[in-house]
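Worksheet for the structure shown next.
The values are calculated or read from the model by the stated rules, or taken from the named source; none is laboratory data. The structure presented is a predicted model; accordingly, all values stated were derived computationally and were not measured. Here the Cβ positions follow ideal geometry from the backbone for every residue, glycine too, while neighbour counts run over all protein chains shown.
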Amino acid sequence: MADTVADIDAGIYRPGERIPSIREMSRRKRVAVNTVRLAYEILVSDLVIEARPRSGYFVLMFETPAPVRPRYLQAKVHNRSASTSGMWRAVHAETASNSNLGLISLEESDLPSKALIRAVSRAGRVFPRQCVASGDPRGLHRLRRQLSLRYGRVDCALEPAEILVTGGCSQGLFLALTALTQPGQSVIVEQPFFSSALQLWESLGLNIMEIPAHPQTGIDVDLLKEALSNNTVAACVVVSSFSNPLGSSLTEEKRAAVAALAEAHDVPVIEDDIFGELFFSGERPRPVKSFDRSGHIILVSSFSKWLAPGFRTGWIAPGRYRRHIEALKTSVHDTPAVAIQIALADVMESGDVDRHLRKLRIAYALQMREMVRCVQEHFPEGTRINVPRGGLVLWVELPNEVDATRLAATARAHGITLLPGPLFTLTGRFQNAVRLNFSHWNAATRSEVDQVGKLAREQTGEP
């Protein structure tokens, strides 16, 4: 339906307006109804139009907000921060509230729960002895093969033997850093970083070197090169696609550059690919690992953000560091239950994963756009939003006079969990920024966004 897209671009069909029905378009174009239906499905998946039950198809109502200005600082080492760590623990201690605005979690209705439960039940019936055995500490070969095939679809060649099944993405990160670093060494992370890993870095006694990230295109590769050239670095941690909390995604050029820098400086780069499947349009981004020619890229990911968070199952592809990481993993022997692994392999083999992901991506993209519109409507004038091309989070920069930490405290008094920008750095920056989670969107979430906007406007003096 190239003509329809051209008409939308030309303003003939404006945001929010209804476009011709499938049958009407079939008559106009003199093509089969099924041809138009398939074309409309593609336009829905590409976030050009949306289907409204019993109403028809409409052009998506969405205005792209002003982009957040890139924020760059000269890289330097920052020691662990007990105060930041304490703030993060305090936020987690208050998650008993019903608020879903701050912390990332998935709606049960967004998951293929019935298919997963049936698969677990079948595993127990068909493979009873295998399910009660301890299993291979490297993980079930069938599951590793499915992961290998899935990465092969994005030109990331991984043999099943190169993949280890883990108890989630966090365990993969733990294994890599424990095997490759010593207390007092420096690890590069992007700024802002996913602060849930801060306690891990603290427990390992690591220093953190923050490299600023561009809001759209991720870590500053020039500063990364400078930091690697001028400092002794034990490892780097990079979220390649739709990062938490910024939402940035590395360009292909940057992905290739990161892989080349890892090889040139003989430094392991741990790539967190946990959001890679949650792209909103186009194709799945190729992992940095797909550009790896020397084995310096360690890929970690999991099913927790898009399929089965309760299964606590992830994986790691350790590259040239496999011997050390596999030995450590074998000693820990913390691999998900065999029944869980069989169930995940069954679901992946059945094709249910791709059907599930198509629905999930569309739902999250629409929820993100609804949240953007709500923030634009209720937050103070001058608020800037970094609109991601995938993932689960929205990074919002408020006017300078807003204190995000104080805003978060006030929001908690209203039963709303809100994560302020200073949680995502050890430098004290992002005092006026907050991270929002759009994986939940309903009347309650909309009300929370409205309330946070009101509280923010009170700080600026707006009515």
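What to note about this one:
- Restricting attention to segment 189-211, the residues that are modelled with pLDDT under 90 and under 17 Å from residue 258 (Cα atoms) total 0.
- Residues in segment 300-335 that are more than 15 Å from the chain's Cα centre (by Cα) and aromatic (Phe, Trp, Tyr): 311, 315, 321.
- Residue count for segment 276-300, restricted to those that are of a type in the set (Ser, Thr, Tyr) and part of a loop (DSSP other than H, G, I, E, B): 2
- Residue 241 at pLDDT 95 or above, of a type in the set (Gly, Ala, Ser), assigned to a loop (DSSP other than H, G, I, E, B) and in contact with an Asp or Glu (Cβ under 7 Å, 6 or more places away or on another chain): yes
- Cβ-Cβ under 7 Å pairs, at least 6 apart or on other chains, segment 143-161 side in the same structural domain as residue 292 (by TED's automatic domain parsing) and touching a residue at least 60 places away in the same chain (Cβ under 8 Å), far side among the small types (Gly, Ala, Ser) and part of a helix (DSSP H, G or I): 143/345; 146/345; 154/290; 155/290; 156/290; 158/148
- Taking the criterion of being touching a strand residue (DSSP E or B) at 6+ places or on another chain (Cβ under 6 Å) and assigned to a strand (DSSP E or B), the residues of segment 209-238 that qualify are 209, 210, 211, 212, 213, 219, 235, 236, 237, 238.
- Count - residues of segment 138-182 that are of a type in the set (S, T, N, Q) and either within 19 Å of residue 236 (Cβ to Cβ) or modelled with pLDDT under 95 (or both): 5
- Only one of 190, 226 that is acidic (Asp, Glu) and closer than 18 Å to residue 435 by Cα: 190
- Residue, surrounded by the fewest Cβ atoms within 10 Å (Cβ to Cβ), within segment 198-212, restricted to residues that are within 20 Å of the chain's Cα centre (by Cα) and among the aliphatic types (A, V, I, L, M): 200
- Residue 297 vs. criteria under 21 Å from residue 180 (Cβ atoms) and within 19 Å of the chain's Cα centre (by Cα): yes
- Against the list (1) farther than 22 Å from residue 239 by Cα; (2) at pLDDT 85 or above; (3) acidic (Asp, Glu), the condition residue 110 fails is (2).
- When residues of segment 413-463 are limited to those that are in a helix (DSSP H, G or I) and within 18 Å of the chain's Cα centre (by Cα), the one nearest to residue 382 (Cα to Cα): 421
- Candidates 294, 302, 331, 290 - the one that is out of contact with any helix residue (DSSP H, G or I) (no Cβ under 6 Å at 6 or more places or on another chain), at pLDDT 95 or above and among the hydroxyl-bearing types (Ser, Thr, Tyr): 290
- Qualifying residue in segment 301-311 (condition: of a type outside the set (A, V, I, L, M, F, W, C), in a loop (DSSP other than H, G, I, E, B) and either in the same structural domain as residue 156 (by TED's automatic domain parsing) or crowded, with 17+ Cβ neighbours inside 10 Å (or both)): yes
- Condition check for residue 184: touching a strand residue (DSSP E or B) at 6+ places or on another chain (Cβ under 9 Å) and not in a strand (DSSP E or B): yes
- Residues of segment 23-57 that turn out to be assigned to a loop (DSSP other than H, G, I, E, B), over 15 Å from residue 363 (Cβ atoms) and among the acidic types (Asp, Glu), as a count: 0
- Residue in segment 317-327 that is assigned to a helix (DSSP H, G or I) and touching an Asp or Glu at 6+ places or on another chain (Cβ under 8 Å) present: yes
- Looking at 407, 426, just one residue is surrounded by 16 or more Cβ atoms within 10 Å (Cβ to Cβ), at pLDDT below 95, outside the structural domain of residue 188 (by TED's automatic domain parsing) and not polar (S, T, N, Q), and that residue is 426.
- Conditions (1) touching a Gly at 6+ places or on another chain (Cβ under 9 Å); (2) among the acidic types (Asp, Glu); (3) part of a loop (DSSP other than H, G, I, E, B); number of the one not met by residue 381: (1)
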